[in-house]
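Worksheet for the structure shown next.
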Amino acid sequence: MGDTTGIVSVPSSEANKAFAALTSGFIADPVMRWIYPEAHSYIESFPKLLRVLAGTAFEDGTAYAAHDYSGAALWLSPGKTGDEEGALNVIEETVRSEIRDDLYTMLAEMDTYHPDDAPCWYLPFIGVDVARQGRGLGSALMKHALARCDKDGVQAYLESSNPANISLYERHGFQVMGRIDAGSAPPIHPMIRPARA
C-alpha cells in the first residue's frame, strides 16, 4: 500500500476525471456538505469550485492522480494560487445566502494561516473515490508530491476540512497550526509540514 509508481500527472484534457474522483472523495466531507447540503447541489456545484481553485495545477503538472483516476490531488507550487475571483463568483452563484457570511469569514481566517515567509507548496484538495478508500491511495498521492517538496527543500501546507483525516496528514509530517471556527461552519484545521533538507 502507498506505492507511488501508479501516480501520474493529470493533463488539462483529463481534468474532469480528477474532479470526479475528488467529488466522490469529498461526498461526506463535513465542510463541503455544509456548503452544499443537498446532494444535487453538491454534485453539480463542487466540480465548479474545484475548477477555479485548481489554479494552474494542470498546466504546471502538479495535479496528480492514481493511474485509473480513483484518487486525485491538486497541488499549487510556490507562488501560485487558485482563481480567487472565480471562486467568489462560484460561491455567489451556488452557495446559500444564509451561510455565505460564515463561509467568507472561514476563508479569510484560512488566509491568515497561509505561510508567506518562505516558499510553500499548497494542497487545496486531495481525495479518493469513496469506493476505493482505505487502500493506501491517499498516502501514495501524498508521498508522490511530498517527494518533490523534499527534493526542493520546501515546506507544504494544507487545511483539513475533516478531522478524521488529520492523523493521515500527521503521518506524513504535517502539524496542526490551529483551528478555525466560523459561525455555523464545521471546524477547519490548518496544517504545516516544515521543509526537509
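The values are calculated or read from the model by the stated rules, or taken from the named source; none is laboratory data. Nothing here was measured: the structure is a model prediction, and the numbers come from that model. Reconstructed Cβ throughout: ideal geometry from the backbone, glycine too, with neighbour counts over all protein chains shown.
Please go through segment 138-155 and pick out each residue that is assigned to a helix (DSSP H, G or I) and either touching a residue at least 60 places away in the same chain (Cβ under 8 Å) or buried (at least 17 other Cβ atoms within 10 Å of the Cβ) (or both). If you could, list the steps in order and put the result at the bottom.
Within segment 138-155, the subset assigned to a helix (DSSP H, G or I) is 138-152.
Gly138, Ser139, Ala140, Leu141, Met142, Lys143, His144, Ala145, Leu146, Ala147, Cys149, listed by residue number.
Take segment 156-197 and flag every residue that is touching a residue at least 40 places away in the same chain (Cβ under 8 Å), out of contact with any strand residue (DSSP E or B) (no Cβ under 6 Å at 6 or more places or on another chain) and either within 22 Å of Ser77 (Cβ to Cβ) or among the charged types (D, E, K, R) (or both).
If the condition is that a residue be touching a residue at least 40 places away in the same chain (Cβ under 8 Å), out of contact with any strand residue (DSSP E or B) (no Cβ under 6 Å at 6 or more places or on another chain) and either within 22 Å of Ser77 (Cβ to Cβ) or among the charged types (D, E, K, R) (or both), then Arg196, Ala197 are the ones that fit.
Among (1) at negative phi; (2) at pLDDT below 95; (3) outside any helix (DSSP H, G or I); (4) not charged (D, E, K, R), which single condition is Tyr122 missing?
It is condition (2) that Tyr122 fails.
Check Glu44 against each of (1) closer than 19 Å to Gly86 by Cα; (2) out of contact with any Pro (no Cβ under 8 Å at 6 or more places or on another chain); (3) surrounded by 15 or more Cβ atoms within 10 Å (Cβ to Cβ); (4) not hydrophobic (A, V, I, L, M, F, W, C) and name the one condition it does not meet.
Among (1) closer than 19 Å to Gly86 by Cα; (2) out of contact with any Pro (no Cβ under 8 Å at 6 or more places or on another chain); (3) surrounded by 15 or more Cβ atoms within 10 Å (Cβ to Cβ); (4) not hydrophobic (A, V, I, L, M, F, W, C), Glu44 violates only (3).
In segment 91-132, which residues are among the aliphatic types (A, V, I, L, M) and within 23 Å of Gly173 (Cβ to Cβ)?
Start the filter on segment 91-132 by keeping residues that are among the aliphatic types (A, V, I, L, M), which leaves 91, 95, 99, 103, 106-108, 110, 118, 123, 126, 128, 130-131.
Hits for segment 91-132 are Met110, Ala118, Leu123, Ile126, Val128.
Each row is one residue, and each column tells you yes or no for (1) in contact with a helix residue (DSSP H, G or I) (Cβ under 9 Å, 6 or more places away or on another chain); (2) modelled with pLDDT under 95; (3) farther than 24 Å from Gly138 by Cα; (4) surrounded by 18 or more Cβ atoms within 10 Å (Cβ to Cβ).
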| site | (1), (2), (3), (4) |
| --- | --- |
| Leu49 | yes, no, no, yes |
| Ala63 | yes, no, no, yes |
| Leu76 | yes, no, no, yes |
| Asp83 | yes, yes, yes, no |
| Val90 | yes, no, yes, yes |
| Glu98 | no, no, yes, no |
| Pro115 | no, yes, no, no |
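Of all residues being in contact (Cβ under 8 Å) with a residue 60 or more places away in the chain and outside any loop (DSSP other than H, G, I, E, B) in segment 69-91, which is nearest to Ala18 (Cα to Cα)? Just the residue, please.
So, considering only residues that are in contact (Cβ under 8 Å) with a residue 60 or more places away in the chain and outside any loop (DSSP other than H, G, I, E, B), the one nearest to Ala18 (Cα to Cα) is Ala72.
Is at least one residue of segment 26-43 out of contact with any Phe, Trp or Tyr (no Cβ under 8 Å at 6 or more places or on another chain), closer than 30 Å to Asp150 by Cβ and part of a loop (DSSP other than H, G, I, E, B)?
yes
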